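Data first, discussion second: the structure below is written as structure tokens.
The values are calculated or read from the model by the stated rules, or taken from the named source; none is laboratory data. Bear in mind that the values here come from a model prediction, so they are computed numbers and not experimental data. Quick reminder, even Gly has a Cβ in these numbers, built from the backbone with ideal geometry, and neighbours come from all protein chains shown. Side chains included, ligands, DNA and RNA excluded: accessible areas come from the protein's heavy atoms. Shrake-Rupley method; radii C 1.70, N 1.55, O 1.52, S 1.80 Å.
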Amino acid sequence: MELKVCPFCGQDAAMLYRNYSNRAKKYFTWVECDACGARSKAATSDDDPAIDDAWDNSACRRASAAWDMRSGWSDAE
């Protein structure tokens with residue numbers, strides 16, 4: 001899954017992460033920049049997005065879309 005560069009530091013260090021919440025009984029998936037720590041909004045899913053290293057479920061797509069949504073941002077800048 002291709003992710004845009006970080007809108008804060010400009011590094012190409014964004015990765016998908018996930019964590020399971022026993023309380024919510026859901027997986028939380030978000031995008032985080034490994035360079036500066038900026039994070040996207042988390043998306044939830046009943047299924048583990050990292051199963052078979054697929055990282056391609058609805059939560060991954062929603063978290064990626066939240067990360068890639070930029071107002072006034074251009075890759076050409």
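Some points to look at:
- Mean residue ellipticity at 222 nm, helices only, the chain: -4500 deg cm²/dmol; runs of at least 4 DSSP H residues each add -39,500 (n - 2.57), and the sum is divided by the number of residues.
- Free-standing Cys residues across the chain, given no other cysteine C-beta under 4.7 angstrom: C60
- In the chain, the longest principal axis of the Cα atoms and the axis of helix 58-68 are about 20 degrees apart.
- Computed 3J(HN,Hα) for region 42-51, one whole-Hz value per residue from the Karplus formula 6.51 cos²θ - 1.76 cosθ + 1.60 where θ = phi - 60°, is 7, 10, 10, 7, 7, 9, 5, x, 8, 4, glycine and proline marked x.
- Per residue value of the accessible surface for the chain (all protein chains in place, 1.4 Å probe), Å²: 67 Å²
- Rounded to the nearest 20 debye, dipole of the chain from Cβ charges on Lys, Arg, Asp, Glu: 520 debye
- Residue order for R23, R39, R70 - accessible surface, 1.4 angstrom probe, largest first: R23, R39, R70
- Here the chain has 46 percent of its accessible surface on carbon and sulfur atoms, given a 1.4 Å probe and all protein chains in place.
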